[in-house]
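The values are calculated or read from the model by the stated rules, or taken from the named source; none is laboratory data. Every value quoted in this text rests on a predicted model; they were computed, and no experiment measured them. Every residue, glycine among them, receives a Cβ derived from its backbone with ideal geometry; neighbour counts consider all protein chains shown.
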Amino acid sequence: MKFTADTATYDMIEGAHVVGLAIGIGADVYLILQRSGIEGPDDWGIYIELNDQANSGYGLVRECRIGCDTVEIDLNKPLAGVTAIKISLAVDDVAFNRFLEGMKDIFRDYHNQLKINIDVGRVLT
């Protein structure tokens with residue numbers, strides 16, 4: 001599955017780190033990644049949701065690669081009929097940096113699953 005996101009968000013919602021990529025606010029095409037902000041028995045790992053809560057689950061992300069203008073996610077098993085998601089980013093540097101901060105929090109002890117390769121093209125904070 002491929003789409004171009006013009007919206008990138010990162011928020012703490014009820015103690016959970018939540019990042020989102022979408023084609024606009026309130027869009028039908030979106031990706032959400034979420035993780036508890038508190039380690040312990042309530043941390044079930046990385047949650048992913050694609051376009052609808054019916055297309056969601058924990059432990060499905062095999063690898064996530066972030067470049068200066070793309071996010072690519074490989075899944076362990078199909079979600080909404082797809083095993084790979086490629087999102088082109090059409091967001092400004094402020095939104096990108098906030099999104100990247102959230103991704104680092106979500107993958108905090110899954111470092112081998114998160115690959116960041118930003119050589120040029122972004123002003124990082």
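Annotations for the structure displayed:
- Against the list (1) modelled with pLDDT of 95 or more; (2) of a type in the set (K, R); (3) part of a loop (DSSP other than H, G, I, E, B), the condition K104 fails is (3).
- Applying a threshold of 6 Å to beta carbon distances and a minimum spacing of six or more residues, or different chains, the list of pairs starting in the stretch 37-61 at a residue that is closer than 22 Å to E101 by Cβ and ending at one that is charged (D, E, K, R) reads I46/R35.
- Selection of the stretch 32-51 for residues being surrounded by fewer than 20 Cβ atoms within 10 Å (Cβ to Cβ), among the hydrophobic types (A, V, I, L, M, F, W, C) and within 24 Å of A84 (Cα to Cα) yields I32, W44.
- Residues within the stretch 36-58 that are touching a Gly at 6+ places or on another chain (Cβ under 7 Å) and modelled with pLDDT under 95, tallied: 4
- Filtering the stretch 82-93 for residues that are more than 23 Å from I13 (Cβ to Cβ), touching a Ser or Thr at 6+ places or on another chain (Cβ under 6 Å) and outside any loop (DSSP other than H, G, I, E, B) leaves a non-empty set.
- Any chance I118 is of a type outside the set (S, T, N, Q), under 12 Å from the mean Cα position of the chain (by Cα) and either modelled with pLDDT under 95 or more than 22 Å from I38 (Cα to Cα) (or both): no
- The stretch 62-87 residues that are within 21 Å of D28 (Cβ to Cβ), paired with ones that are assigned to a loop (DSSP other than H, G, I, E, B) (beta carbon under 6 Å, 6 or more apart): L75/L60; L79/N55; L79/L60; A80/N55; V82/M1; I85/M1
- The combined condition, being among the aromatic types (F, W, Y), closer than 22 Å to T4 by Cβ and in contact (Cβ under 8 Å) with a residue 12 or more places away in the chain, is fulfilled by F99.
- Selection status of G20, at pLDDT 90 or above and either at negative phi or among the hydroxyl-bearing types (S, T, Y) (or both): yes
- Members of the stretch 57-77 found to be over 21 Å from S88 (Cβ atoms), in contact with a strand residue (DSSP E or B) (Cβ under 6 Å, 6 or more places away or on another chain) and surrounded by 15 or more Cβ atoms within 10 Å (Cβ to Cβ), listed by number: L60
- Going through (1) in contact with a Lys or Arg (Cβ under 9 Å, 6 or more places away or on another chain); (2) at pLDDT below 95 one by one, S88 falls short only on (2).
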